[in-house]
Every structure is written in C-alpha cells, then in structure tokens.
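Asker: Could you have a look at this structure, given as structure tokens, before my questions?
The values are calculated or read from the model by the stated rules, or taken from the named source; none is laboratory data. Quick caveat: nothing in here was measured; it's all calculated off a predicted structure. Ideal geometry is used to build each Cβ from the backbone, glycine not excepted, and the neighbour counts take in all protein chains shown. Protein only, heavy atoms only, side chains kept; ligands, DNA and RNA dropped before computing areas. Shrake-Rupley method; radii C 1.70, N 1.55, O 1.52, S 1.80 Å.
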Amino acid sequence: MSAWPALAAIVIFTVAFVFIATEKINRVAVVLGAAGLMAALGLVPGSDVFYSHQAGIDWDVIFLLLGMMIIVGVIKQTGVFEFLAIWAAQRSQGRPYRLMVLLVVLTGVTSPFLDSVTTVMLVAPITISVCRRLGIPAAPYLIAEVLAANIAGTATLIGDPPNIIIGSRAGLSFNDFLWHMTPVAVLMFLAFLLLARIMFRRSFVYRPERFEAVRDMDARAAITDPKMLTRCLVVLTLVIAAFMLHTVIHVDVAVVALLGAGLMILVTRADRAAYLGEVEWPTLVFFTGLFVMVAGLTETGVISWIGEWASDAVDGNWFMAATGLVFGSAVLGAFFDNIPYAATMAPIVEGLVAGTPDPGTGQALWWSFALGADLGGNGTAVAASANIVVLGIAARSGEPISFWQFTRYGIVTTVVTTVIAWAYVWLRYFAA
C-alpha cells in the first residue's frame, strides 16, 4: 500500500462521510464531489470508474434499482398500495405497535426471497400511505422495516446482495444458506421484534378518531384498475421467480429487473410520466458516487491492508478469526456500504479459509463473514442499499429521515443482532 494515495483516499472518504452524517451539504453533491476528487487525483483509474466491477460503479446494483423503481411506479398506478394500506390499518385496528409488527413481518417474510432492496421498495409506499391515514409519523415504521429487511435477508443466498457475492466466491448454494443462515436469521428477527417495541415506544401514539375514519372503508374500492393490477401481478410473479432462480437460469438480477420493467410497461401501457416520476434519480446518482468513493479505498490498498492485518493477527486461532469476521465486518460494513465491502473482502477471506485445517472450519469463517457483512448494513444510514433507497423514498414523500435518526436505531440493532450471530457461530461451529 502506497502511503500518500492511501492517506488521500482516507481523508477524502472521511471528510465526505462527516458531511453526509451532519447533513450540512446535500449528500448527492458530497459523494459526487468526493468521487470526482478521487478520480482527478488518480486514486481511481479514470477508465475503471465506468468499466471496472471492482474499481468503479457497480452498474448491476444501479440497474437493479432502476428496474424495480419503474416496476413499483407502474404498480402504484393501480391503487393496490392504497388497498394494502387500508387493509393494514384495519387489521391492526389502528394500534401502532401492532401495525409495526404486521408491516415488519410482511417485510421479513418477503425479503429472503426477493432481496432487501426490492422488498422495501414495495413495502415503503404502503407504509407511508397507512401512516398518513392513521395520522402517525411514518419514519419509525420505515426505519423498522429496512432494519428487518436487512436482518431477514441474511437467511438466503438472494436475500442480501453481499450473500450473492459470498456465495459465488465460496461456492455456496441456495440450500447451504438455508441450512446455515436461516436459523440464526429467525432468532435475530424475533429479537428485533422485541427490540423494536423498546426502541420506538415513544412513537406509538394511538389515535382512535383516525382509525374510526378507516375502519369502515371498503379497501377494494381503492383499486382503480383491476385489469391493470392483474397484469402487473403476473409480471411481478415472473420477476420474483426469476430472482429466485437466477443462479439456475444464469440471468443477472439486474437484467431480470430491467426485462420485468419493460414487460410490465408493455402489457399495461402505463402512463410514462407517472412511472418515470417515481424513479428516485437522486438515490441512483448517490450510489454512483458512493461506489467510486469506496473504490478509492480499494484501489489504494486501504481495505486490503485492513484485511491482511486481520489475517496476520489470527495466527491459527480460528475462533478468533470467526469473531473478527463477525464483529469486524459489522463495523467496517457500516461505513463502506456492505456490497463493495463484501466484494473487496471476499478474496481476503478466501485466502484465510485456504489456511484452515478442515472444510468445516473454513465454512464457519464464510458464515461468520456473511453474517457480519449483512448485519453491518444496519450500522449507518448509508451502510446498505436498502437504507439509502428508503431514505430517498421518505424524503420524496415528505417524510424525511435524517442520517442520525436512522443511525441511532441502526447501531443498537447491529450490536444486538451481531452478538446473537457471534453466539450462534460459537455454539454451532466451535463449542464442540
């Protein structure tokens, strides 16, 4: 690692992160300025910014988000989100915590089979609508949903983007993730439901008069175009099936999302201005800048140096290695966005696994890394794609969530779930 480029990358990244956290300057302007400065100083090779998967913008993520934003924009025109909002308000009887449990469970059940980003994009509009009907702030519910999505996404190969990266590098199958990750994901999710009752307790204000206005409403009347909804659901089902089978059919999830968006537009003839208006363009631009910022740390050797230092510190103590991967990945993943972090660290973990005495210990390290990387996504407001997407949706809907408003809940959730994950790793792989 060359000292001056690495130092420059660290300074630029740190200053940008401080500006993002303090929200003194628009976050899109911050990341674009930081990314441009890194490219201008040669910390990221110019051509690689646009063409390198490891050292630039991850277009798979950008186009996955774009495709799903268009799909959500088309579906929204059917009125189904209003229908689900009324249904949720009625089922919860307007009770705030009961509503949060309903929405969080819906998120948790869906996230392992779509992915955390897609799930929150579908659930967030429902949440904002039902909260407005009940006269309660949407921010606590949106934060709880994205935290739950990131936790539940650990359960499967396709539930969280880092899992796809890790599964590909380690040769782990969908069933491997089900067997090793689903049990701890269920434990962490149940713990989060109890934790949410404590963390968000001040937001649970019951407004009976608002519920009275919703109780006798006909939810089905909110569906404005049943035929269009039917076509949307058919296409959405195909998209979900393709997401689940993408490792079998060998079609990237970003391609699936774009094809699904195109097909949905074709069969519904949706209003172009309406669905393009639902695309979170600032969020997509923010991602491009963030990827380049992280690439600057990668190209100058900062992240590799951290990984190599951790590998040297292990010195044959594999439980210590697993502990370091769980807690270290949770901390680092909270600052670097867990997608590029997982892509950067996966080769380092692979080298560490190569030195283990048996395949079982090697797999334990991979699961430790996956848990840490996934859970680190809850650490800050910019630690995972789902977080950034929800903050964009909230701001666009007039329900802004600040960096620290999200992060203070994210830190508590990360600490609690990471401890559970560490205990699980110890009991399952090392206690015997």
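Asker: Tell me, what HN-Hα J-couplings in whole Hz come from the Karplus equation 6.51 cos²θ - 1.76 cosθ + 1.60 at θ = phi - 60° for each residue of the stretch 178-194, using x for Gly and Pro?
Answerer: 4, 6, 9, 9, 4, x, 6, 5, 5, 4, 5, 5, 5, 4, 5, 4, 6
Asker: Here is a follow-up. Which whole-Hz couplings ³J(HN,Hα) result when phi for each residue of the stretch 404-412 is put into the Karplus expression 6.51 cos²θ - 1.76 cosθ + 1.60, θ = phi - 60°, listed in order with x for Gly and Pro?
Answerer: Each residue's phi maps through the Karplus curve to give 6, 4, 6, 5, 5, 6, x, 5, 4 Hz.
Asker: If you average the alpha carbon positions of the stretch 82-140 and of the stretch 159-173, how far apart do those two centres end up, in angstrom?
Answerer: If we compute the Cα centre of each part, the gap is 28 Å.
Asker: Which is farthest toward the positive dipole end of the chain among Gly277, Pro357, Phe200, measuring Cα position about the Cα centre, with Cβ charges +1 (Lys, Arg) and -1 (Asp, Glu)?
Answerer: Farthest towards the positive end: Phe200.
Asker: While we're looking at this one, here's another question. Return a whole-number percent for the relative contact order of the chain, with Cα pairs under 8 Å and 6 or more residues apart as the contact set.
Answerer: That works out to 25 percent.
Asker: With contacts defined as alpha carbon pairs under 8 Å and 6 or more residues apart, what's the relative contact order of the stretch 158-309 in percent?
Answerer: This gives 15 percent for the stretch 158-309.
Asker: Using the Kirkwood radius built from alpha carbon pairs, what does the Stokes-Einstein equation give as D for the stretch 264-308 at 20 °C and 1.002 mPa s, in µm² per second? Intermediate results must be reported in sequence, preceding the final value.
Answerer: Numbers: Rh = 13.5 Å.
Using the Kirkwood radius from Cα pairs, D works out to 159 µm²/s.
Asker: Which whole-Hz couplings ³J(HN,Hα) result when phi for each residue of the stretch 344-349 is put into the Karplus expression 6.51 cos²θ - 1.76 cosθ + 1.60, θ = phi - 60°, listed in order with x for Gly and Pro?
Answerer: 6, 7, 4, x, 5, 5
Asker: Same structure, new question: Just to confirm the number: angle between the C-alpha axis of helix 385-396 and the first principal axis of the chain, 0 to 90 degrees, nearest 10?
Answerer: Between the helix axis and the principal axis of the chain, the angle is about 40 degrees.
Asker: Moving to a separate point now. Residues in the stretch 200-241 near a label at Gln93, defined as backbone nitrogen under 15 Å from the 7 Å Cα→Cβ point?
Answerer: It comes to 206-209, 211-212, 215-216, nothing else.
Asker: Here's a follow-up. What is the log10 of I(q)/I(0) for the stretch 16-108, computed with the Debye formula using one identical point scatterer on each Cα and no solvent, at q = 0.14, 0.20 Å⁻¹?
Answerer: -0.83, -1.00
Asker: Still on this model: Which residues in the stretch 100-119 place their backbone N less than 12 Å from a point set 7 Å from the Cα of Phe174 along the Cα-to-Cβ direction?
Answerer: Taking a point 7 Å out along Cα→Cβ of Phe174, the residues of the stretch 100-119 whose backbone N falls under 12 Å are 113-114.
Asker: Further question on the same structure: Which order do you get for Glu280, Glu23, Glu82 if you rank them by accessible area with a 1.4 Å probe, largest at the top?
Answerer: Values: Glu280 15, Glu23 95, Glu82 70 Å².
Final ranking, largest accessible area leading: Glu23, Glu82, Glu280.
Asker: Tell me, what % of the accessible area of the stretch 1-93 is carbon and sulfur with a 1.4 angstrom probe?
Answerer: That share works out to 67 percent.
Asker: Under unit Cβ charges (Lys, Arg +1; Asp, Glu -1), what dipole magnitude, rounded to 20 debye, does the chain have relative to its Cα centre?
Answerer: For the chain, the charge dipole is close to 1620 debye.
Asker: Ranked from highest to lowest mean number of other Cβ atoms within 10 Å per residue, what is the order of the peptides 343-351, 169-177?
Answerer: Values: 343-351: 20.3, 169-177: 15.6.
The densest-packed peptide leads the list: 343-351, 169-177.
Asker: Sticking with this structure for a sec: Note down the nm distance, to one decimal, between modelled labels 7 Å out along Cα→Cβ at Val279 and at Tyr206.
Answerer: About 4.5 nm, to one decimal.
Asker: Give, in nm to one decimal, the length gained when the segment between Ala29 and Val109 is fully stretched (0.36 nm per residue of separation minus the Cα-Cα distance).
Answerer: Taking 0.36 nm per residue and subtracting the Cα distance, the gain is 25.2 nm.
Asker: If you don't mind, another one. Using the heavy atoms of the protein chains alone and a 1.4 angstrom probe, what is the accessible area of the chain per residue in square angstrom?
Answerer: Normalised by residue count, the accessible surface of the chain is 41 Å².
Asker: Here's another thing I want to ask about it. Test of understanding: what is the full-extension gain from Leu263 to Arg428, defined as 0.36 nm times their sequence separation minus their Cα-Cα distance?
Answerer: Computed gain between Leu263 and Arg428 is 54.9 nm.
Asker: Let me have the relative contact order for the stretch 239-374, percent, based on Cα pairs under 8 Å that are six or more residues apart.
Answerer: 23
Asker: Continuing with this model, one more query. Treating the angle as unsigned and between 0 and 90°, give the value, to the nearest 10°, between the Cα long axis of helix 253-268 and the longest Cα principal axis of the chain.
Answerer: Approximately 20 degrees, to the nearest 10.
Asker: For a quick check of understanding: with a 1.4 angstrom probe and all protein chains in place, what accessible area in square angstrom does Thr110 have, to the nearest ten?
Answerer: About 40 Å², ignoring ligands and nucleic acids.
Asker: With everything on Cα atoms, drop me the angle between helix 59-76 and the longest principal axis of the chain, reported from 0 to 90° to the nearest 10.
Answerer: 10
Asker: For the stretch 58-176, I need the span (max minus min coordinate) of the C-alpha atoms along each principal axis, in Å, sorted largest to smallest.
Answerer: 47, 28, 21
Asker: Give me the log10 of I(q) over I(0) for the stretch 220-288 at q = 0.19, 0.24, 0.25 Å⁻¹, as the Debye formula computes it from C-alpha points; what are the numbers?
Answerer: After summing over all Cα pairs, the log10 values are -0.91, -1.11, -1.13.
Asker: If you don't mind, another one. Only helical DSSP H runs with n ≥ 4 go in: add -39500 (n - 2.57) per run for the chain, normalise by residue count and round the 222 nm mean residue ellipticity to 500 deg cm²/dmol.
Answerer: Value at 222 nm, helices only, nearest 500: -24500 deg cm²/dmol.
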